[in-house]
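The values are calculated or read from the model by the stated rules, or taken from the named source; none is laboratory data. Note that the structure is predicted; figures quoted are calculated from it, not measured. When we count neighbours, we look across all protein chains shown, and the Cβ atoms used for this are built from the backbone with ideal geometry, even at glycine.
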Amino acid sequence: MTEKLPVWSTTKSILAYCWQERRLALTYAALPMAILVILYIGAILIGIDGNRFWSFAISIAALVVYAPFTVTWYQSIFVGADEARTRSLFVFSDLEGSVIAANLKIYATVIIAFIPLLIVVVGVGIAFAVMNITSGPFIAVIIGIPTIFAVVLMTTRLSITIAYAAAGERLGLREAWKLTRPQWLPMTWTNIILGTLNMVPFGLIAGTIYLCTRAAPRPEWAEIALKINQIIAGAIYLALSTTLYAFVYRLLKADQAERVSLENAQEA
């Protein structure tokens, strides 16, 4: 199955689809983005931005407000953009609830799985820093890179459950891990490329804002600009990554249909 998901052609197809349906994305993502901008501006003005509890709360809020857009975007790939446009701009149904639940399960699973590994990485870095202050950060980076790759790999494979949830189907995390085994590497690399393509321009924008506002404390307008930049980048990456999972979903369903057809032919 790996040959059915070539990294570069899949990446180009995802970018082409997102550009082709950019109006659909903007139409359904505009309200969630506006809600997050208002929440961030309010937090900055009252001085709670950066608070740990607030950071957690805003992450949950983003997951909830983006759920209708996520379902609509998946539906545009599953049943067609014209059909997806018949959905309400902001609606919560069983599909949105399933998408939120799938995301929460993935987040919890990844965090639980990698907390011990992160402790080891930090511990090794500290140990080497004690022995040689210059080697600690270097060793931490050497160990940290494959750790980050493993996190992306696990998240990518498990995220196929979100596509199934958006299609109104149930898929457990263990089943997702098993189903994505043949194409785990191209899926992961495609996701990394999409994330990098998205991160570079918005990272440059953020870096420019930081350089232009190095004086402390940073003015409120700069904080707001950084948040808006972050929100736009997040929305675009959401569209890119969900398109990847939708493509993989269609591939898995096609393979399943092919297997069923062959089994029926053999029985006949």
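For this structure, a couple of remarks:
- Count of residues meeting criterion [in contact with a Lys or Arg (Cβ under 9 Å, 6 or more places away or on another chain) and surrounded by 15 or more Cβ atoms within 10 Å (Cβ to Cβ)] in region 166-181: 6
- Entry remark, region 161-184: residues being under 18 Å from TYR66 (Cβ atoms) and either of a type in the set (Val, Ile, Thr) or free of Cβ contacts under 8 Å to residues at least 40 places away in the same chain (or both) number 2 in total.
- Hey, ILE48 hydrophobic (A, V, I, L, M, F, W, C), in a loop (DSSP other than H, G, I, E, B) and closer than 30 Å to GLU220 by Cα or not: yes
Every residue, every condition in (1) closer than 21 Å to GLN230 by Cβ; (2) within 16 Å of the chain's Cα centre (by Cα); (3) not polar (S, T, N, Q), yes or no:
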position: TYR40; (1), (2), (3): yes, no, yes
position: ALA57; (1), (2), (3): yes, no, yes
position: GLY97; (1), (2), (3): no, no, yes
position: LYS105; (1), (2), (3): no, yes, yes
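- Residue within region 51-72 that is at pLDDT below 90, hydroxyl-bearing (Ser, Thr, Tyr), farther than 25 Å from TYR245 by Cβ and not in a helix (DSSP H, G or I) present: no
- Every residue from region 192-236 that is under 20 Å from the mean Cα position of the chain (by Cα) and basic (Lys, Arg): LYS227
- A count restricted to region 216-231 and to residues that are surrounded by fewer than 17 Cβ atoms within 10 Å (Cβ to Cβ) and either modelled with pLDDT of 90 or more or charged (D, E, K, R) (or both) stands at 4.
- Test for ARG157: is it more than 25 Å from PRO32 (Cα to Cα) and in contact with a Ser or Thr (Cβ under 7 Å, 6 or more places away or on another chain): yes
- Exclusive hit being of a type in the set (Lys, Arg) and either over 22 Å from GLY195 (Cα atoms) or at pLDDT below 80 (or both), set ARG181, ARG174: ARG174
- Looking at ALA163, ALA150, just one residue is assigned to a helix (DSSP H, G or I), surrounded by 16 or more Cβ atoms within 10 Å (Cβ to Cβ) and either at pLDDT 95 or above or of a type outside the set (S, T, N, Q) (or both), and that residue is ALA163.
- Answer residue from region 62-108, given it is buried (at least 19 other Cβ atoms within 10 Å of the Cβ) and of a type in the set (Ser, Thr, Tyr) and is nearest to LYS253 (Cα to Cα) among those: TYR74
- Region 200-253, residues that are part of a helix (DSSP H, G or I), farther than 26 Å from PRO68 by Cβ and among the β-branched types (Val, Ile, Thr): VAL200, ILE205, THR208, ILE209
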